Amino acid sequence: DAKTTQPNSMESNEEEPVHLPCNHSTISGTDYIHWYRQLPSQGPEYVIHGLTSNVNNRMASLAIAEDRKSSTLILHRATLRDAAVYYCILSRPGGNQFYFGTGTSLTVIP
Amino acid sequence: NAGVTQTPKFQVLKTGQSMTLQCAQDMNHEYMSWYRQDPGMGLRLIHYSVGAGITDQGEVPNGYNVSRSTTEDFPLRLLSAAPSQTSVYFCASSVERGSYNEQFFGPGTRLTVL
């Protein structure tokens, strides 16, 4: 499976937008891009996913580069509850086997 | 729905002891998996199952056994615990939404092997 590269940590001020980048230069044409987050002492939870087009849901937006070699998770207004480790994951269509990297630890400053 | 449940929440074992980590889901998901997470690391896949009676190895299967006799349950067995198996263990189940699968994770079991 293709690998992803994310910064180890990022900081954001509360109520400001946050852009979390992910590089996936070896992505194949059919790989889905997933984002999950892990709050302290909890299991990961789904945030958003996409294939080629930008996606929006109630939690976040996903911006996918035209060549699909990178993507950005956008939290429009960070809250203290958004402090978590965010994982960018690739998988084949119908693929259930997720390979997690180390993710980005997001700190939200009040 | 309770979602994915795991028991116990915490466990301390001595080297060489065996135990079973329990995982159950009430969402009728066919796919289930086990991950371990070491401090400061991402999750690594241990074993997974695509349905009752079918299991396969993931990235780090050594030292662990699984079986899947029902859709609901997917226990993970440690045959002879070693300190290197000290970790947090997460069980997950997933539902197919078209060609995409969303995974649902349990709250984890924190295991310490002395």
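Taken together, the values in this text are just the output of simple stated rules run on the coordinates, not laboratory data. Since this is a predicted model, take the numbers as computed values, not measurements. Glycine also receives a Cβ, built like all others from the backbone with ideal geometry; neighbour counts cover every protein chain displayed.
The table below lists the values:
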| item | result |
| --- | --- |
| Cα-based Rg / Dmax (Å) for the protein assembly as shown | 17.6, 53 |
| Largest to smallest principal axis extent of the C-alpha atoms in region B:19-113, angstrom | 40, 28, 21 |
| Calculated P(r) of chain A - Cα pairs past 19 Å, % | 39 percent |
| Chain B: most fluctuating residue of B:93, B:33, B:18 per GNM, C-alpha cutoff 10 Å | B:18 |
| Alpha-carbon centroids, region B:40-101 and region A:96-110: separation in whole Å | 20 Å |
| Cleavage-rule hits, trypsin sites (Lys or Arg not before Pro), region A:22-110, DSSP coil, Cβ neighbours within 10 Å at most 11 | A:58, A:77 |
